[in-house]
Each structure stands twice: as structure tokens, then as C-alpha cells.
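Contents: one structure, followed by commentary.
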Amino acid sequence: MISLRGLTKEFPGGVRALDSLDLEIADGEFFALLGPSGCGKTTLLRTIAGLETPTSGSVGIGGADVTGLPPGRRDVAMVFQDYALFPHMDVTANIAYPLRIRKVPRTRREAKAAETASRLSLSELLTRRPGQLSGGQQQRVALARAIACHPKAFLFDEPLSNLDARLRLEARTFLKRLQRELAVTTVFVTHDQGEALALADRIAVMSAGRIMQLGTPSEVFQRPATTFVASFIGSTPMNLLPGAAEGGALRVAGAVLPLPDGVPEGPVVYGLRPEYADLSPTPPDDTSGGPSGGPAGGTAAFSGKVAVVENLGTAHLVTLECGEHLVQAVVPEGAEPEPGSAAWVVPRPGRALVYRDDELVSRA
Ligand code: ATP
């Protein structure tokens, strides 16, 4: 278990990289720290590892307060973005290095290195040096080195970001399987929301040294607490449109939509994922009781003109000009409209999110 209390880190020059942060990571959990560049993810990981000293607050690992302990006595293994392998050592020596530091006898540490290498399919490469390995192989050597000393926790700083897109996907699945097998508490830093959603049991979305939302991947994806989290999570950005709750309806970008419970009159931001937006070449049928589709005489869809159609492989991303707003929808293969044609964006019921003062107040 990793327990952080009131953790603040200020760098010279007044940068507050961590701001009174509280966090509990459970034993065996795969935990992702997600956020844009500069939000404090790496600083948080380095503070857990003991490579940074917090300005105030405490770090607990496995029930003990380790705030004053140097990195070597925290029993955690860190895997860096550039793997930090020793170029002059072969694979065996790299994997066995932490055991050598701990004065494990040579034969035992080489046996342990060989066993760990075999688990990571590196047995054929034991006598090679890092410069003779591919990026993916180097990444596995770095993982093997972390695993060989049975740490209490793994701390990963963007360990997949130097791999090409395809290898990255393979390495992701491999890492997830390995973590399940070893059941070692893992903290994983990434700025890639897809990676965090795919790997983690829980995600902390960070901004400016604070945690904006903490939850399971599906909680963070389905119910982003703020428009910042909403815009950050999802492979295509969420449509976030200004609107108002007025006269018993939601009025957004020319559409008049049913007013969900819990939304008082006043300005709102209406969030709709492109994946939850259906396209229709004609105005939708009246489903909500209003004379032409909407609750108060308007149409319960966004009327627009198709501006751009992008091929995503098995789907298309369609961008429409709806008055002064751009609205995006993901449509299945074969259902893509012609650029320049008229279309209506129909929100799937219960899938849109309504924000008031940047707080989620309801689903529509
Ligand atoms: P990235 O995804 O780009 O690695 P990050 O979320 O990991 O970003 P950090 O590296 O933790 O962000 O940096 C957080 C803030 O602290 C940034 O504003 C950064 O410029 C600042 N910072 C980090 N290290 C130092 C340092 N040694 N001295 C001064 N400022 C620093």
C-alpha cells in the first residue's frame, strides 16, 4: 500500500509541482497517474521513489513512513522512459545489477537474472549489450531488472512511450498480464489517456499538481467530474457546447433537448462524446412530445452541414458546422455522409453530460 498525505513539492522559482496531495494506492493495485505535460506526474512518482524530497507532507509504503528514507531503502523499483540501462553491461549484468548492489552472491544473482529473463522471453539475448537490442527488447530488460529484486512496488514513468505504435500495444498487453501475475502494486505515469484506460484499476487525472478526479477507468470515462477531465479522456475529444437550461428545456447550439433532472435554470456546458452522437440525413422523429421533436417546439438534434469526414479505419469521424459551433460524430463504416451535405446530430438518450460551473450536474 502507498499512502500520500498532504504532499507538496515546490521547486526553486516558486513552481508548485504538487499541491497538498492526498492519495491511497491499494496493495496489488495497478494505478495510473494521467495528465497533461507539466501537471506533476513525474514529480509525484519521483517523490514516492525518494528521488525528490517533498516540501511538506509524507510518503508511506507498506504501512511504514518512508519520507526520510533514501531511494535504496524504500524497496521500490522504477522503470524510466529511456530505460536507463547500462550500455557497457550485457543483459544478464543489467538485470542482475540491483542484486549486485544488495551484495547477492554472483551465482545466485546470475541464476535469478536468467530465470527472470526467461519469463520475459529474453533468454536468447543474455550476452548482448543494450545497443544490440531493439527498443522493445530494451524495455523488457528494464522490466526484468525491476522484477528481479521483488520490490514492494513498481514505479513506471512512461515506459512505453519510446516504442512505435504497434509495439506499444503489444507491450501494454504484456505489462498488464505480467502485473496481474506478479500482483505487485504498480504506479504508472502516462499522458496517454488510452493507455491509462486500458491498463489501470484506478486512474488519478492530474492538473497543476492536484488530482482532478480519482476513479476506475469506466467512472472517469462515463462520468468525468469536470470539463477538463471530459476533454482529456476519450480517443476523440468530447463535444463541449455552451447552452442554457431555460423554460423546461436544454437549449444548445440550436437544438431544444429534454431537461434532465437536477439542472436548475441558467447557463450550462453540454458534453457529448462523438461515439454517442448518431447522424441522420433528415430531422429526427418526434420522440419527446414536442411538436417537432423537441420539448418546447424545437428539434431535439443539432442541425448542421458536414464540413470534414476523417477515416478512422472501421469508422469515420464527421465534423459538422452547427451554426457557430463545430460538432463531431463517429459513424460506422459505410454510413459516412458527403462533405457539404446537411445532417442532424442526434444525441443518444442518457449519454450526454451537463455541467454547471464546471461541475457535472446531470446526464441528459
Ligand atoms: P511531462 O508529462 O512533461 O513529463 P509531468 O506531468 O511529469 O510532465 P513534472 O515533470 O512533474 O510534470 O513537472 C511538474 C512541474 O514542475 C513543471 O512545471 C516543471 O517545469 C516543474 N519542475 C519539474 N522538475 C523541476 C526542477 N527540478 N526544477 C524546477 N522546476 C521543476
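Summary table
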item	result
Filtered residues of segment 337-364 (kept if open to solvent by 70 Å² or more (accessible area, probe 1.4 Å) and farther than 18 Å from residue 272 by Cα)	338, 339
Hits in segment 48-74 - residues which are of a type outside the set (Gly, Ala, Ser), in a strand (DSSP E or B) and farther than 20 Å from residue 205 by Cα	61, 65
Qualifying residue in segment 19-29 (condition: open to solvent by less than 50 Å² (accessible area, probe 1.4 Å) and among the acidic types (Asp, Glu))	yes
Strands (runs of 3 or more DSSP E) contained in segment 203-257 and holding at least 2 residues in contact (Cβ under 8 Å) with a residue 60 or more places away in the chain and assigned by TED's automatic domain parsing to the domain that holds residue 30	210-215
Scope segment 182-196; condition within 11 Å of the chain's Cα centre (by Cα) and buried (at least 20 other Cβ atoms within 10 Å of the Cβ); matching residues	188, 189, 190, 193, 195, 196
Residues satisfying the stated conditions in segment 162-181, i.e. loosely packed, with under 15 Cβ neighbours inside 10 Å and either within 16 Å of the ligand (Cβ to nearest atom) or in a helix (DSSP H, G or I) (or both)	165, 166, 170, 173, 177, 180, 181
Selection status of residue 109, charged (D, E, K, R), more than 21 Å from residue 183 (Cα to Cα) and either outside the structural domain of residue 150 (by TED's automatic domain parsing) or surrounded by fewer than 17 Cβ atoms within 10 Å (Cβ to Cβ) (or both)	no
Condition met for residue 78 (in a loop (DSSP other than H, G, I, E, B) and touching a helix residue (DSSP H, G or I) at 6+ places or on another chain (Cβ under 9 Å))	no
Pairs with Cβ under 6 Å, 6+ apart, first in segment 167-193 and in contact (Cβ under 8 Å) with a residue 12 or more places away in the chain, second open to solvent by 30 Å² or more (accessible area, probe 1.4 Å) and assigned to a loop (DSSP other than H, G, I, E, B)	185/27
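Residue-wise test of (1) under 18 Å from residue 361 (Cα atoms); (2) buried (at least 23 other Cβ atoms within 10 Å of the Cβ); (3) polar (S, T, N, Q); (4) touching a Gly at 6+ places or on another chain (Cβ under 9 Å).
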| site | (1), (2), (3), (4) |
| --- | --- |
| 205 | no, yes, no, yes |
| 210 | no, no, no, yes |
| 220 | yes, yes, no, no |
| 225 | yes, no, no, yes |
| 251 | yes, no, no, yes |
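The values are calculated or read from the model by the stated rules, or taken from the named source; none is laboratory data. A quick note: this is a predicted structure, and the numbers were derived from the prediction, not measured. In this analysis, Cβ positions are derived from the backbone assuming ideal geometry, glycine residues included, and neighbour counts consider all displayed protein chains. Ligands, DNA and RNA are excluded from the accessible area calculation, which covers all protein heavy atoms including side chains. Shrake-Rupley method; radii C 1.70, N 1.55, O 1.52, S 1.80 Å.
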